[in-house]
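Only one structure is covered here, and it is reproduced in the block below.
Please treat every number below as a calculation from the coordinates, not as lab data. If you're wondering where the values come from, they're calculated on a predicted model, not measured in any experiment. Here the Cβ positions follow ideal geometry from the backbone for every residue, glycine too, while neighbour counts run over all protein chains shown.
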Amino acid sequence: MTAITWQKVPVPGTMATHPGVYCLRTNELAWDEEKLWRTYTMLTDLESVFRSLKSELGLRPIYHHKEVRSDGHLFITVLAYQCVQFLRVKLKAAGITDSWATLRDILSVQRRVTATFNQRDGRSLHVRKATVAEPDLLAIYHALGISAAPGGTRKLIS
């Protein structure tokens, strides 16, 4: 019988022992390290959410040639960000502290589906409802105080 054993030995001064260093420079001399770091992480989060929202809302790339269009673009982007922040504040109060990217992934799984049934009299019955929410999504719905079956069930006979 043959056996191989090995042991990983980290080399001082490499990524294994010193994974990274941040060096932040600011003109805010009255800020302590904690406030500077909080502000930095808030700005990186804000940029990430803006980038995501601009893609989802179709606001990228920007080719505005009139000031009124630029103003509208900025207004929609800031309004969308305020909606995101409102949701995140409510979720944080309920102990859900996921990033916007994670929340988007969780929220993206539920769908509304329509099932169509042919009736004996030749008419069709269309039933439209949401799929069952997964546990993470259900927790978000409970934290926000909204129904886990958005839109309810709709029936249409044609």
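If the viscosity is 1.002 mPa s and the temperature 20 °C, what Stokes-Einstein diffusion coefficient in µm²/s follows for the range 33-105 when Rh is the Kirkwood radius over Cα pairs?
For the chosen part, D equals 157 µm²/s.
Using the structure shown, select from Lys8/Lys35; Lys90/Lys129; Lys66/Lys90; Lys54/Lys92; Lys90/Lys155 the pairs with a Cα to Cα distance greater than 29 angstrom.
With Cα atoms farther than 29 Å apart: Lys8/Lys35; Lys66/Lys90; Lys90/Lys155.
Taking just the alpha-carbon atoms of the range 101-158, what radius of gyration and Dmax come out, in angstrom?
Over the range 101-158's Cα set, Rg and Dmax evaluate to 14.9, 49 Å.
Which order do Ile146, Ile140, Ile4 fall in if you start with the one that has the fewest other Cβ atoms within 10 Å?
Ranking Ile146, Ile140, Ile4 by Cβ neighbours within 10 Å, fewest first, gives Ile4, Ile146, Ile140.
Treat every Asp and Glu Cβ in the range 33-105 as -1 and every Lys and Arg Cβ as +1, leave all other atoms uncharged, and give the resulting dipole magnitude about the Cα centre to the nearest 20 debye.
Result for the range 33-105 is approximately 160 debye, rounded to the nearest 20.
Quick one: which of 31-39, 77-85 comes out on top by average Cβ neighbours within 10 Å, and what's the full order, highest first?
77-85, 31-39
Only Lys, Arg, Asp and Glu count, each charged at its Cβ (+1, +1, -1, -1), so figure out the dipole size of the chain about its Cα centre, rounded to 20 debye.
With only Lys, Arg, Asp and Glu charged at Cβ, the dipole is about 960 debye.
In debye, nearest 20: dipole of the range 111-157 around its Cα centre with unit charges on the Cβ of K, R (+) and D, E (-)?
Approximately 340 debye in magnitude.
Provide Rg over Rh for the chain; use the alpha carbon set for both Rg and the Kirkwood Rh (inverse mean inverse pair distance).
Ratio of gyration radius to Kirkwood radius: 1.17.
For the range 70-85, just list the computed ³J(HN,Hα) in residue order, Karplus coefficients 6.51, -1.76 and 1.60, θ = phi - 60°, integers in Hz, with x standing in for Gly and Pro.
With the stated coefficients, the range 70-85 comes to 4, 5, x, 4, 5, 4, 5, 5, 5, 4, 4, 5, 4, 4, 4, 5 Hz.
With the dipole of the range 1-54 worked out from charges on the C-beta (+1 for Lys and Arg, -1 for Asp and Glu) around the Cα centre, which of Thr26, Phe50, Ala3 lies farthest toward the positive end?
Ala3
If you rank Arg123, Arg128 by fewest surrounding Cβ atoms within 10 Å, what's the result?
If I rank by nearby Cβ atoms, fewest first, I get Arg123, Arg128.
On a C-alpha basis, how far is the centre of the range 143-157 from the centre of the range 107-140 in Å? Whole number, if you could?
Spelled out, the Cα-based centre of one part sits 10 Å from the other.
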